[in-house]
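What follows is a short report on a single structure.
The values are calculated or read from the model by the stated rules, or taken from the named source; none is laboratory data. Here the structure is a predicted model, which is why all the values come from computation and not from measurement. So basically every Cβ, Gly included, is an ideal-geometry build from the backbone, and we count neighbours across all protein chains shown. We work out accessible area using only protein heavy atoms, side chains counted, and drop any ligands, DNA or RNA first. Shrake-Rupley method; radii C 1.70, N 1.55, O 1.52, S 1.80 Å.
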Amino acid sequence: MDYQDTLTYLYNSVPMFQQVGGSAYKEGLENTLTLDAHFEHPHRSFRSIHVAGTNGKGSCSHTLAAILQEAGYRVGLYTSPHLVDFRERIRINGQPIPEEYVIRFVEQERGFFEPLHPSFFELTTAMAFRYFADEKVDVAVIEVGLGGRLDCTNIIRPDVCIITNISFDHTQFLGDTLAKIAGEKAGIIKSGIPVIIGETTPETKPVFLEKAQTTGAPIYFAEENDREDYPGIEYELKGLYQQKNARTILTALPLLKEAGYRLDGQAVRSGFARVVELTGLMGRWQKLQESPTLICDTGHNVGGITYITEQLKQQAYRQLHIIIGMVNDKDIRGVLALLPREATYYFTKASVKRALPESELQELAEAAGLEGHCYPDVPAAVRAAQEKSLPEDFIFVGGSSFIVADLLANRDALNLY
């Protein structure tokens with residue numbers, strides 16, 4: 001098999017949440033533990049940092065990886081979902097896992113894993129841990145896939161745990177209250193391991209405090225951290241929500257130093273300032289065009305969209321154009337209720353099975369007082385917005401990670417940088 005054949009096999013042979021949603025979700029760690037034993041517990045050969053949360057965990061994971069790289073460490077980074085290429089999920093010092101490794105892993109191991117019927121994420125996690133061990137990373141930053149307690153990354157024993165925040169997302173699996181969701185995310189808290197909580201609500205803070213107390217884990221709340229250890233530090237990631245992510249990371253750094261990490265001020269400043277270049281992060285308030293300005297962002301739930309709408313209010317423009325698509329298992333009405341009514345809307349859908357048809361999205365949007373037209377795919381919607389925009393206009397593309405993925409996959413054809 002070549003690389004594309006291997007990806008087709010992976011996508012079609014094991015259920016992939018990114019494509020099909022809930023039917024790919026497997027509760028429990030049985031397969032994960034079986035795979036881990038088969039590969040000789042690779043995660044035990046490197047140090048790790050575990051990052052969970054509803055929003056912001058990808059940005060925090062990439063920024064931590066960038067800081068560690070600048071401090072001289074060989075750093076594994078495991079995140080999801082990918083936007084353009086599967087290999088984005090598994091990186092070492094910013095470089096994606098080689099195609100040849102993915103091919104060889106599947107060819108050599110399929111005889112073992114096929115009878116297990118693992119999920120896509122279970123198999124990908126096993127691949128990432130084995131790759132990091134094979135390549136002898138010093139430390140890996142591991143982002144939780146979904147939840148925490150039963151997520152297949154939760155077999156690691158990290159130096160530090162981070163939970164960025166709690167918002168409503170994946171409620172069909174994690175619970176229909178913030179307290180229930182917090183309980184699932186708190187499942188990564190382990191005995192004696194410090195945990196940093198980025199943001200709390202009255203419903204979630206008691207959950208974290210109780211879990212930390214029962215497990216004997218030192219707990220730190222970034223909201224209570226008013227230290228200015230790095231005055232004048234510059235953040236490359238410009239989204240409003242990145243301010244809270246930054247405070248979460250800055251709260252974690254002293255704990256990492258206590259755990260023995262060498263992190264000087266220059267590494268911290270450079271990691272924050274160059275995270276995109278160092279780790280390949282995409283889709284976080286990312287500018288792809290000037291005159292008119294075109295920005296994309298992967299925020300896709302009420303928590304994420306709340307920050308995006310606040311940021312849109314701060315932009316200067318003649319007319320706002322919003323290209324939006326969503327998947328069918330999100331709180332679509334909740335998101336639409338937050339969006340600005342004075343914008344011109346371009347309703348579209350991503351190229352995944354979970355995508356909500358653009359006509360259904362338009363119907364729901366009109367009920368929320370939003371007006372616009374339908375387009376069959378992201379490139380068509382972007383071209384329409386480009387044609388209708390003047391240089392002083394502002395185009396925003398989002399609503400789903402998959403909308404941003406389709407945008408980035410077509411950036412050359414759309415003349416975006």
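Mind listing whichever residues of region 230-268 are in contact with a helix residue (DSSP H, G or I) (Cβ under 6 Å, 6 or more places away or on another chain) and closer than 15 Å to V195 by Cα?
N245, R247, T248, I249, T251
Please tell me if A252 is among the aliphatic types (A, V, I, L, M) and closer than 30 Å to T177 by Cα.
Yes; evaluated as a whole, the condition is true for this residue.
Which condition number in (1) touching a helix residue (DSSP H, G or I) at 6+ places or on another chain (Cβ under 7 Å); (2) at pLDDT 95 or above; (3) open to solvent by less than 30 Å² (accessible area, probe 1.4 Å) is the one that V327 fails?
(2)
From K238, K244, K257, grab the single residue that is assigned to a helix (DSSP H, G or I), assigned by the TED database to the domain that holds C161 and touching a residue at least 40 places away in the same chain (Cβ under 8 Å).
K244
Can you tell me how many residues in region 372-398 are among the acidic types (D, E) and in contact with a Phe, Trp or Tyr (Cβ under 8 Å, 6 or more places away or on another chain)?
2
Hey, among L390, L414, which residue is open to solvent by 10 Å² or more (accessible area, probe 1.4 Å) and assigned to a loop (DSSP other than H, G, I, E, B)?
L390
On the given criteria, is Q213 without any contact (Cβ under 8 Å) to a residue 60 or more places away in the chain, open to solvent by 40 Å² or more (accessible area, probe 1.4 Å) and within 21 Å of the chain's Cα centre (by Cα)?
Spelling it out, it is not the case that Q213 is without any contact (Cβ under 8 Å) to a residue 60 or more places away in the chain, open to solvent by 40 Å² or more (accessible area, probe 1.4 Å) and within 21 Å of the chain's Cα centre (by Cα).
Condition first: modelled with pLDDT under 95 and of a type in the set (S, T, Y). Can you find one or more residues in region 128-148 that meet it?
Looking for residues that are modelled with pLDDT under 95 and of a type in the set (S, T, Y), one finds none in region 128-148, hence no.
For residues in region 33-82 being surrounded by 19 or more Cβ atoms within 10 Å (Cβ to Cβ) and of a type in the set (V, I, T), which is nearest to G94 (Cα to Cα)?
Among those that are surrounded by 19 or more Cβ atoms within 10 Å (Cβ to Cβ) and of a type in the set (V, I, T), it is V75.
Of all residues in region 339-378 being assigned to a helix (DSSP H, G or I) and open to solvent by 20 Å² or more (accessible area, probe 1.4 Å), which is farthest from N410 (Cα to Cα)?
Among those that are assigned to a helix (DSSP H, G or I) and open to solvent by 20 Å² or more (accessible area, probe 1.4 Å), it is A367.
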